[in-house]
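This report refers to the structure that appears directly beneath it.
The values are calculated or read from the model by the stated rules, or taken from the named source; none is laboratory data. All values derive from a computational prediction rather than experimental measurement. We place every Cβ from the backbone using ideal geometry, glycine too, and count neighbours over all the protein chains shown. With ligands, DNA and RNA removed, areas are computed over all heavy atoms of the protein, side chains included. Shrake-Rupley method; radii C 1.70, N 1.55, O 1.52, S 1.80 Å.
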Amino acid sequence: MLELCPLGNEYHSKALDNLAQAVEARFLEHSTINDLAESIQHLCEAVFLYPEGHSECNFYLNNLAMVLGYCFNHQGNSDDLNKAISLHEEVLCLLPVGHKYCDFSLDNLGLILFTCFEQCGNVNDIIRSISLWCEALTLCLPGNPNHDTTLKNLASMLQTKYKKLDTSENLNEAIDLYWDSLQLRPHGHPCHHISLRNLSSGLCSHFMQTQKDEDIKEAI
C-alpha cells in the first residue's frame, strides 16, 4: 500500500500508519524487537509530515506512544517510558475540551503514568493517574461503551494506592466503584465473575483493616 501512496500523496501518512500497525501486530505475535523499531520508524515519518500542533497528528502521536509503551514493557528502557508519557500528554493537549476521544486519551495517559508508578514508585504518578481516570469517568457516563472499563480501572488504581499508602478513603472509594461495576455486569454477563472477584478483593482488604465480619461474609 505504501508503494501506491508515495510521499506527497494525501494518503501517505495513513499508509505509513497502516504499515506500522501491521508490523506492530507481528511483534505482538512473535515478540521480535526489530518489528517495534520498524513500527516506530514508520510512525515517526507519519508524524513529521504534519506541522507541530496539527490536530490531525494526534492519531499518529497516540499510536507512536503506544508502541513506545510496548518497547518499555519488552526492554525496560525508561527513556521509552518517558517518551511515551510525553507523547500521550501532547495528544491530550491537542484535543479540545469535549472531543469524542478525550476520555480515551485520558485513559491512555493514566495507564502509562500508572506503569511509571509501578516502575519508579513515585506517589505523584499514581495520584495524577487517579485524577485523570476520575476525569475520564465524568466523560464516560453510564451507557458509554468505555464506562465499565474506566470504572474498573479507576477502582483498581484506588485500591493499589491504598495498598501502597494505607489510605482508607481510597479503599472505600474503590469498593463503591466495584459495586457499581458489578451492577453493570449482572449474573449471566460474561465478565460477571471478574467484577465479583474485584469486589471480593476490595472487601477482603477492608476486612484486614477493620476486622468486621460483614466484610468477609460479603466477600465470600
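Some points to look at:
- Each peptide in 162-168, 67-73, 48-54, 34-40 gets a packing score, the mean of other Cβ atoms within 10 Å over its residues, and the list from highest to lowest is 67-73, 34-40, 162-168, 48-54.
- Solvent-accessible area, 1.4 Å probe, carbon plus sulfur percent, for the chain: 54
- Heavy atoms of R128: accessible area, 1.4 Å probe, square angstrom to 10: 100
- Averaging the sequence gap over all C-alpha pairs within less than 8 Å and six or more residues apart, then dividing by the number of residues, gives the chain a relative contact order of 9 percent.
- Entry note, the range 12-54: relative contact order of 48 percent, from Cα contacts under 8 Å with a spacing of 6+ residues.
- The label point for T138 and the one for C44, both projected 7 Å from the Cα toward the Cβ, are 3.8 nm apart.
- With Cα atoms, 0 to 90° folded angle of helix 168-184 axis to the chain main axis: 80
- Net charge dipole size for the range 86-220 [Lys, Arg +1 and Asp, Glu -1 on Cβ; Debye, nearest 20]: 240
- Across the range 63-189, C-alpha contacts under 8 Å between residues 6 or more apart give a mean separation that, scaled by the residue count, equals a relative contact order of 15 percent.
- Accessible solvent surface per residue of the chain, calculated while the other protein chains remain in place, 1.4 angstrom probe, Å²: 55
- Residue ranges 175-188, 105-118 sort as 105-118, 175-188 when ordered by packing (mean number of other C-beta atoms within 10 Å per residue, highest first).
- Compared with the direct C-alpha span, the chain from C93 to A25 gains 21.7 nm at full extension, assuming 0.36 nm per residue.
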